[in-house]
Amino acid sequence: MPKALCIASMVFSVLVLVLFLSDLVFGISGMISLAPFKSFSLFIDVVFTIAAGGWAFLSWKIYREQV
């Protein structure tokens with residue numbers, strides 16, 4: 001069961017990472033109509049992208065310890 005939880009955590013962290021990274025990229029490039037969260041600031045996008053990357057890294061490290 002712990003391996004399944006680590007895999008689920010990795011999947012959710014990658015989804016959060018892709019969501020906020022796409023919002024950051026579309027916001028910077030000027031294609032604001034394609035950004036998922038049009039009202040968020042760039043600072044929030046950067047913080048959540050870094051946090052999701054850290055979450056994915058920690059999930060991967062814990063998964064590797066269990067294998």
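Within region 19-26, does at least one residue satisfy the condition of being under 26 Å from Pro2 (Cα atoms), assigned to a helix (DSSP H, G or I) and not basic (Lys, Arg)? Show your work before the answer.
In the first step, residues of region 19-26 are kept if they are under 26 Å from Pro2 (Cα atoms); the result is 19.
Those still in the list that are assigned to a helix (DSSP H, G or I) too: 19.
Checking which are not basic (Lys, Arg) leaves us with 19.
Checking region 19-26: at least one residue is under 26 Å from Pro2 (Cα atoms), assigned to a helix (DSSP H, G or I) and not basic (Lys, Arg).
Tally time: how many residues in region 28-65 are within 17 Å of Ser13 (Cα to Cα) and either of a type in the set (Val, Ile, Thr) or surrounded by 12 or more Cβ atoms within 10 Å (Cβ to Cβ) (or both)?
Step one: filter region 28-65 for residues within 17 Å of Ser13 (Cα to Cα), giving 36, 44-64.
Next, only the ones that are either of a type in the set (Val, Ile, Thr) or surrounded by 12 or more Cβ atoms within 10 Å (Cβ to Cβ) (or both) stay: 36, 44-60, 62-63.
Counting residues in region 28-65 that are within 17 Å of Ser13 (Cα to Cα) and either of a type in the set (Val, Ile, Thr) or surrounded by 12 or more Cβ atoms within 10 Å (Cβ to Cβ) (or both) gives 20.
Which of the residues spanning region 8-47 are β-branched (Val, Ile, Thr) and farther than 30 Å from Lys61 by Cα? Spell out the reasoning first.
If we filter region 8-47 for residues that are β-branched (Val, Ile, Thr), which is where we start, we get 11, 14, 16, 18, 25, 28, 32, 44, 46-47.
Once the filter is applied, which keeps residues that are β-branched (Val, Ile, Thr) and farther than 30 Å from Lys61 by Cα, region 8-47 yields Ile28, Ile32.
May I ask you to say which residue of Val25, Val47, Val14, Val18 is touching a residue at least 40 places away in the same chain (Cβ under 8 Å) and of a type in the set (A, V, I, L, M, F, W, C)? Write out each step before concluding.
Numbers: Val25 fails: touching a residue at least 40 places away in the same chain (Cβ under 8 Å); Val47 fails: touching a residue at least 40 places away in the same chain (Cβ under 8 Å); Val18 fails: touching a residue at least 40 places away in the same chain (Cβ under 8 Å).
Just a single option satisfies the conditions, and that option is Val14.
Suppose we filter Ser39, Ser13 for residues that are hydroxyl-bearing (Ser, Thr, Tyr) and at pLDDT below 85; which single one remains?
On the way: Ser13 fails: at pLDDT below 85.
The unique qualifying residue is Ser39.
One residue is enough: does region 9-24 have a residue meeting the conditions surrounded by fewer than 17 Cβ atoms within 10 Å (Cβ to Cβ), among the aliphatic types (A, V, I, L, M) and more than 10 Å from the chain's Cα centre (by Cα)?
no
Which of (1) modelled with pLDDT under 80; (2) touching an Asp or Glu at 6+ places or on another chain (Cβ under 9 Å) does Gly27 not meet, given it meets every other one?
Gly27 satisfies all of (1) modelled with pLDDT under 80; (2) touching an Asp or Glu at 6+ places or on another chain (Cβ under 9 Å) except (1).
The values are calculated or read from the model by the stated rules, or taken from the named source; none is laboratory data. In this text the structure is predicted, and so the values were computed from the model without any measurement. We place every Cβ from the backbone using ideal geometry, glycine too, and count neighbours over all the protein chains shown.
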